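Colleague: Have a look at the structure that comes next, please.
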Amino acid sequence: MSTPLSRRDFLATASAAMAAGGAALGQDGKPQRVRRAGMVYRRLGRTGLMVSEISLGGSPAPNEAVFARAIERGINFADTSETYSNGNSERTIGKMMKGRRDKFYVATKCHPRKLRPLTRDGIIGMAEASLKRLDTDYIDIYLIHGAGKPEELSDEIVLEAFAKLKKDGKIRFTGASLHGKVADMAKVLIESGRFDMCNIPYNVYQRVKSEKGKKYDDYLQRTGIEDALALAKKRDIGVVAMKSMGGGEFQKVDKYLTGKTTLPQAKLKWVLENDAVGTIVSELLSFQILEENLAVVGSGLTRDERKTLYRYAEATSAWHCRLCGACEAQCPAGVATTTIQRLLAYHDGYGKRASSRRAYAALPPQRRAAACRDCGRCESVCTFGVAVRARLRRAGKVLT
């Protein structure tokens, strides 16, 4: 059964096709998108950084041979964190930036809530430790890792530390990565005026819901994600898309293939159609994955690819959490449903079995899946129809 194209999807296809031809200018006349030597670079909001459409995710970082090939192919941005691979992600990226620092951008993250007590000097110390591991004098973008509460974006101690780091030339721009209550947190970040960019989970699953045969072709608008991205564009806040490959871990994909375009490529193309997105962070862990990802640069979805992608997303919708946080907010037992589903996705879809189990073990017992009362309230408030209880049961088995 085919899915008809909405007017918004038709316009997205048309604009992507036009943009693939070369430079694109913003309302201020500044280049928003340029093509150079086979790579397309996009302006990352008010940072002014022109970053490659596909960028390197550092969790984990690829080996040096793949990293070197990525740079040769025009990738100029890497996203990492102090915690990725126990700091070795930063060390690898620092080593690969040598001799090309002025042509390569790096974002890394800190975890303020790990500090007890939280102090300005503690935050500065975290940044200086990252600088040492990266073996660089400055960090292009420094982010709060996994901000999940509005107060984490308004903490004056953190903001004072960031201001001091900026003043001293140790960081250039600031932001936050968002893992839960994404639309609400993105709006708080953007409207605060205190940050330059944000990392947002963004993929085709945030667009569709399929329930009892009824399809919602514009469900993205109802979730607030589209509004948040539009606001980011209006306020000139840079957006890095992450978790764009999520979903469909247990679905056979053969019947959803269209021509030479793979499902991962279709997912990437869909995300890149939104011109609020500066780049997609992807874990390019092999030459095959690297080349598969780079093949989408500057291209848009065809009509058939879009139909196929939407059918796939609808068929697998109930098993993919969008990290909106609605279920967790309503859980009477206080189970960390959003966090658990994110860890389950890392385990099942990203191959991060050991790290996801460690993170799950770090949750208080009363927040783990075993505390679920099976009342169903989580599923009654999930706007996407996710099988939350089934996912919790699976998490209790594979993450324990």
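Colleague: Does a label point 7 Å from the Cα of Arg358, set along Cα-to-beta-carbon, have any residues of the stretch 74-108 with amide nitrogen under 11 Å, and which are they?
Modeller: In the stretch 74-108, the label zone of Arg358 (backbone N under 11 Å from the point 7 Å along Cα→Cβ) covers 83-88.
Colleague: Relative contact order for the chain: what is it in percent, counting Cα pairs under 8 Å that are at least 6 residues apart?
Modeller: Values: 726 pairs, mean separation 67.3, N = 400.
The normalised contact order for the chain reaches 17 percent.
Colleague: Separate question: Looking at this model, which pairs from Lys187/Lys267; Lys167/Lys233; Lys132/Lys352; Lys103/Lys149; Lys167/Lys187 are more than 29 angstrom apart at the alpha-carbon?
Modeller: Details: Lys187/Lys267 24 Å; Lys167/Lys233 26 Å; Lys132/Lys352 26 Å; Lys103/Lys149 35 Å; Lys167/Lys187 26 Å.
In this structure, Lys103/Lys149 exceed 29 Å between Cα atoms.
Colleague: Next question. Net charge within 13 Å of Thr279 by Cβ-Cβ distance, Lys/Arg positive one each and Asp/Glu negative one each, not counting Thr279 itself? Please report the intermediate quantities before stating the final value.
Modeller: On the way: positive: Arg33, Arg42, Arg43; negative: Glu53, Asp79, Asp140, Asp275.
Around Thr279, the surrounding residues sum to -1.
Colleague: Shifting gears a bit: Hey, fewest Cβ within 10 Å first, where do Leu399, Leu178 land in order? If you can, show how the numbers build up before the last one.
Modeller: Details: Leu399 21, Leu178 26.
Ranked by crowding around the Cβ, least crowded first: Leu399, Leu178.
Colleague: Now for a different question. Show me the ranking of peptides 320-329, 231-240, 302-311 by mean Cβ neighbours inside 10 Å, starting with the highest. Mind dumping the intermediate values first?
Modeller: Numbers: 320-329: 22.6, 231-240: 20.7, 302-311: 18.9.
Final packing ranking: 320-329, 231-240, 302-311.
Colleague: Continuing with the same structure: Restricting attention to the chain, give the cysteines that have no other cysteine Cβ less than 4.7 angstrom from their Cβ.
Modeller: Result for the chain is Cys110, Cys198, Cys321, Cys324, Cys331, Cys372, Cys375, Cys382, no neighbouring Cys Cβ within the cutoff.
Colleague: If I stretch the segment between Lys187 and Asp121 completely, what's the gain in nm (0.36 nm per residue apart, minus their alpha carbon distance), one decimal?
Modeller: Working: separation 66, 0.36 × 66 = 23.76 nm, distance 2.84 nm.
Taking 0.36 nm per residue and subtracting the Cα distance, the gain is 20.9 nm.
Colleague: Counting only other residues whose beta carbon sits under 15 Å from that of Arg373, what net charge do I get with K and R as +1, D and E as -1? Mind dumping the intermediate values first?
Modeller: Working: positive: Arg367, Arg368, Arg377, Arg389, Arg393; negative: Glu328, Asp374, Glu379.
After counting each charged neighbour, the total is +2.
Colleague: Tell me which label goes with the value of volume of the Cα convex hull per residue in Å³ computed from the coordinates here: [x] 149; [y] 135; [z] 123.
Modeller: This structure yields the entry labelled [y].
Colleague: Return the calculated 222 nm mean residue ellipticity for the chain, to the nearest 500 deg cm²/dmol, obtained by summing -39500 (n - 2.57) across DSSP H runs with n ≥ 4 and dividing by the residue count. Don't skip to the end; give the middle numbers.
Modeller: Details: 16 runs with 159 residues, N = 400.
So the helix-based figure for the chain works out to -11500 deg cm²/dmol.
Colleague: Please give the net charge around Ile237, taking every other residue with its beta carbon less than 11 angstrom from that of Ile237, where Lys and Arg add +1 and Asp and Glu add -1.
Modeller: On the way: positive: Arg46, Lys187, Arg194, Lys233, Lys234, Arg235; negative: Glu191, Asp196, Asp236.
Local net charge: +3.
Colleague: Follow-up. Grab the eigenvalues of the alpha-carbon gyration tensor for the stretch 321-398, scale each by 5, take roots, and send me the semi-axes largest first in whole angstrom.
Modeller: Details: eigenvalues 73, 39, 19 Å².
Ellipsoid half-lengths, sorted descending, are 19, 14, 10 Å.
Colleague: Starting from the 7 Å offset along Cα-to-Cβ, what nm value, one decimal, do you get for the label separation of Asp227 and Glu379?
Modeller: Inter-label distance under the simple model: 2.8 nm.
Colleague: Now a separate question. Explain nothing, just compute: Karplus ³J(HN,Hα) = 6.51 cos²θ - 1.76 cosθ + 1.60, θ = phi - 60°, for every residue of the stretch 153-169 in order, whole Hz, x for Gly and Pro.
Modeller: 9, 10, 5, 5, 5, 5, 5, 5, 5, 4, 4, 5, 5, 5, 4, 7, x
Colleague: Right, next: For Thr262 and Ala333 in the same chain, what is the full-extension length gain: residue separation times 0.36 nm, less their Cα-Cα distance, in nm? Don't skip to the end; give the middle numbers.
Modeller: Working: separation 71, 0.36 × 71 = 25.56 nm, distance 4.10 nm.
Length gained, Thr262 through Ala333: 21.5 nm.
Colleague: Once you treat every alpha carbon in the stretch 259-312 as an equal point and sum by Debye, what is log10 I(q)/I(0) at q = 0.14, 0.22 Å⁻¹?
Modeller: The Debye formula, applied to the Cα set alone, gives -0.35, -0.85.
Colleague: How do Met185, Met97 rank when sorted from fewest to most other Cβ atoms within 10 Å of their own Cβ?
Modeller: Working: Met185 24, Met97 20.
With the fewest neighbours first, Met185, Met97 line up as Met97, Met185.
Colleague: Would you mind checking which residues have amide H under 5 Å from Thr174's amide H? H placed 1.01 Å from N; only 5 or more apart, or other chain.
Modeller: Those lying under 5 Å, H to H, from Thr174 are Tyr142, Asp196, Met197.
Colleague: Follow-up question, since we're still on this one. Exposure proxy check: Glu283, Glu53 ranked by fewest other beta carbons within 10 Å? Write down the numbers at each step before the final one.
Modeller: Details: Glu283 19, Glu53 26.
Arranged by neighbour count, lowest to highest, Glu283, Glu53 become Glu283, Glu53.
Colleague: Work out how much length Lys164 to Arg69 would gain on full extension: take 0.36 nm times their residue separation and subtract the Cα-Cα distance, in nm to one decimal.
Modeller: On the way: separation 95, 0.36 × 95 = 34.20 nm, distance 3.61 nm.
Difference between extended and current length: 30.6 nm.
Every read-out reported here was derived from the displayed coordinates using simple, explicitly stated rules and does not represent laboratory data. A quick note: this is a predicted structure, and the numbers were derived from the prediction, not measured. As a convention, Cβ positions derive from the backbone with ideal geometry for all residues, glycine included, and neighbour counts pool all protein chains shown.
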